[in-house]
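The structure appears below as structure tokens.
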Amino acid sequence: MGDKAKRDEVRYGEEMVERGAGGELHQTAGDGRKSLTTQQGIVVSDDQNTLRAGERGPDLLEDFHFREKIFHFDHERIPERVVHARGFGAHGFFETYESLSDITRADLFQQSGQRTEAFVRFSTVAGSRGSFDLARDVRGFAVKLYTREGNWDLVGNNIPVFFIQDAIKFPDVIHAAKPEPDRGFPQAQTAHDNFWDFASLMPESTHMLMWIMSDRAIPRSFRFMEGFGVHTFRLVNAEGRSTFVKFHWKPKQGLQSVVWNEAVKINGADPDFHRRDLWDAINRGAYPEWELGLQLFDDDFADRFAFDVLDPTKIIPEEEVPLRRVGRLVLDRVVDNFFAETEQVAFCTQNIVPGIDFTNDPLLQGRNFSYLDTQLKRLGGPNFTQLRVNAPRCPVAHFQQDGHMAMANPTSRANYEPNSWPPDEGGPREDPMRGFTTYPSQESGPKRRLRAESFADHYSQARLFYMSQAPVERRHIADAFVFELSKCDRADIRTRMVAGLRNVDDDLARIVADGLGLAELPDPLPAARETVRDLTPSPALSIMANGPETFAGRKIGILVTDGVDAELLAGLRAAAAKEKANVEIVAPVVGGVDTSDGNHIAADQKLEGAPSVLYDAVALLTTKEGAAQLANLPAARDFVSDAYAHCKFIAYVDEANALFAATGLDTHLDDGFVRIGNGQRPATDFLTRCRQLRSWGRQATIS
Ligand code: HDD
């Protein structure tokens, strides 16, 4: 035993020290509770009072405990991400279905069943760290895969295209979307002049505008949205053969979004709606899963495809290049500490592994500079790669050293290369056989600032997206344009945007113009290329055409009052459990209600704190007296009328009629209302109806 160990033994006398569950030592008074210490390990005797001279005298500078505590508190905040500031992360793994060794040498794709640790951070883009979850916005979908050959970051979004074609415009699009600089608002929304001024002057953003005005931008949950790598990448096999690839994440839970009026209300009722949903699902053991789909294609396809595969404002329809599903991503662990993991995780598009490579997509090339650079500012130094959430799980060996907070400096004698020290002191050497090699694509041409001709068609795929939507989805897109443009003070900006939409679809432009009260339809904006109007629609682009046909993972809010039919309630709970759906009991008081069988049940939520926007479907289980009581409560009337307006399925008992009458709904009981109890339909029927998620047939009646 060396001297150091002996000193430890002396210092940690048995009476002062215990070993915690994780094997760590902590100081204790012997009562099983850790003693509070300073960062230097000094046990603190009094954490209530600063050190002062005399009973009512001044504080003393020598109070090292006070000074350390306040000093550290003063430095708790780090700069938030310049975009994607609000996010939520979770741990999990990726599992490969079958070997892809014929197309890539990437280690994680070599064997079926192979598992790779993963960390995923979902985010909104425009809002600051404290903004609300259900902004109309793109969602970030950033995946870090800790492969055995280093970290691969697939830093994607829930939308497969982007606003701009060249990274040099990124600061402009973000400045335009963020709060206006003179007034510092609006927060977390694009519904203002600066954004639409920029967007209407940038025809290349039109395709992306269609996506963000669609329901894709207001997802019901992170669990119910797709993810996309956006750019075309390369996969490279052991022989050096390259295949182009686009990456897709397909949620096994199915796709689902909310409606805009609902989103606005959710933001008030629960600004943490998305992060709470993911936290709850994982803690419940309902681990969300996505399948990784690859669109694989070669140079021939790239040459004959109607658009440039390097243009990040274009998709390749799945019907043209079908997805090959090659593995699954499972999120099965929430973070231990939000700051340490979700805030300090640092993604970088440049983090790729042998077997994966970049293409010349100009947006990707620009991103490759930005991410490393931004982490220096945000995390304060070059050693953020040593933080647990960022550190590769494979061994790391290099000669990079020092800098702020260095924790893993090289331990050998040599810190340079070449050197002539023997292997144990000389440190690592490059490895041409296993190391990363760049795909040797041929590049040449004059240096110029220009946009390729092949990027010039800005409208055809915007139209393709619109034409691929279900009628209800088209209506939502038009309504979103009207809502957002109505928030612009300048009429010329509204008109210019409508002029741009004429290049997408005249009907859409007309509906938006009417919604804005434009006297006449403006001429179409001049277009660099005429819109191709007859592209074959792609059903894969519609959320509604790809319904999950299950209500699993969704939530029912059951509004109850005293005297609720205990048997019916038990039946509804059982039916929900069978469907793997969740229920929450909502009552006028959180203490709960007395049930018909003389028992008492606690409520999960007090009615005022649990509006129906927090649920996917609702049930009204009440009595005549209860319904009369509810009819007098504004929150109860909103509960029902919002559920109706948001096209939700509503289970009810006959006795609820007084509440319907108070909201004027008694004459509107369409087939989205399911009568249960009293010899009516069983609760299981209600759950079966809920599999359609929303009663969209109602939409035409309410808009
Ligand atoms: Fe970006 C963060 C996704 C274009 C510069 N980006 C960031 C995050 C995601 C994306 C998901 C959050 C990562 C996290 O959770 O920590 N960004 C995209 C996608 C793009 C894109 C899918 C287009 C296809 N981004 C883009 C461009 C640039 C940046 C063109 C700059 C030239 N992005 C950044 C950044 C951020 C970032 C400034 C802010 C925080 C961070 O990197 O770590 O570097």
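The values are calculated or read from the model by the stated rules, or taken from the named source; none is laboratory data. Keep in mind the model is a prediction, meaning the values are calculated, not measured. Cβ placement follows ideal geometry from the backbone for every residue including glycine, while neighbour counts extend to all protein chains displayed.
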Determine if segment 333-351 includes at least one residue that is within 15 Å of the ligand (Cβ to nearest atom), within 21 Å of Gln442 (Cα to Cα) and either of a type outside the set (S, T, N, Q) or surrounded by fewer than 17 Cβ atoms within 10 Å (Cβ to Cβ) (or both).
yes
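Within segment 597-655, restricting attention to residues that are among the small types (Gly, Ala, Ser) and part of a loop (DSSP other than H, G, I, E, B), which residue is nearest to Leu669 (Cα to Cα)?
To start, the set of residues in segment 597-655 that are among the small types (Gly, Ala, Ser) comprises 598, 602-603, 609-610, 612, 617, 619, 626-628, 631, 635-636, 641, 643, 645, 651.
Narrowing the set further to residues that are part of a loop (DSSP other than H, G, I, E, B) leaves 598, 602-603, 610.
Numbers: Gly598: 32, Ala602: 30, Ala603: 27, Ala610: 23 Å.
That would be Ala610.
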Out of everything in segment 205-244 that is more than 16 Å from the ligand (Cβ to nearest atom) and among the small types (Gly, Ala, Ser), what residue ends up being surrounded by the fewest Cβ atoms within 10 Å (Cβ to Cβ)?
Gly240
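Restricting to segment 352-394, give me the number of residues that are of a type outside the set (S, T, N, Q), more than 14 Å from the ligand (Cβ to nearest atom) and in a helix (DSSP H, G or I).
1
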Selection from segment 145-162 of residues within 14 Å of the ligand (Cβ to nearest atom) and in a loop (DSSP other than H, G, I, E, B) yields Asn158, Ile159, Pro160, Val161, Phe162
Can you pull out the residues in segment 632-651 that are among the acidic types (Asp, Glu) and over 27 Å from the mean Cα position of the chain (by Cα)?
Asp638
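Tell me yes or no: at least one residue of segment 308-323 is of a type outside the set (Lys, Arg) and more than 29 Å from Thr531 (Cα to Cα).
Checked against the condition, which is being of a type outside the set (Lys, Arg) and more than 29 Å from Thr531 (Cα to Cα), segment 308-323 yields no hits at all.
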Candidates His26, His75 - the one that is outside the structural domain of Val345 (by TED's automatic domain parsing), modelled with pLDDT of 85 or more and under 24 Å from Phe339 (Cβ atoms):
His75
Scan segment 662-696 for residues that are in contact (Cβ under 8 Å) with a residue 40 or more places away in the chain, on the phi < 0 side of the Ramachandran plot and under 29 Å from the mean Cα position of the chain (by Cα) and report the count.
8
Can you report the number of residues in segment 491-506 which are within 26 Å of Ala263 (Cα to Cα) and out of contact with any Pro (no Cβ under 7 Å at 6 or more places or on another chain)?
4
What number of residues in segment 666-703 are outside any helix (DSSP H, G or I) and buried (at least 20 other Cβ atoms within 10 Å of the Cβ)?
8
Within segment 115-137, of all residues that are surrounded by fewer than 19 Cβ atoms within 10 Å (Cβ to Cβ) and more than 15 Å from the ligand (Cβ to nearest atom), the one farthest from the chain's Cα centre (by Cα) is Arg115
Residue check, Asp197 modelled with pLDDT of 95 or more, in a helix (DSSP H, G or I), surrounded by fewer than 24 Cβ atoms within 10 Å (Cβ to Cβ) and not assigned by TED's automatic domain parsing to the domain that holds Ser370
yes
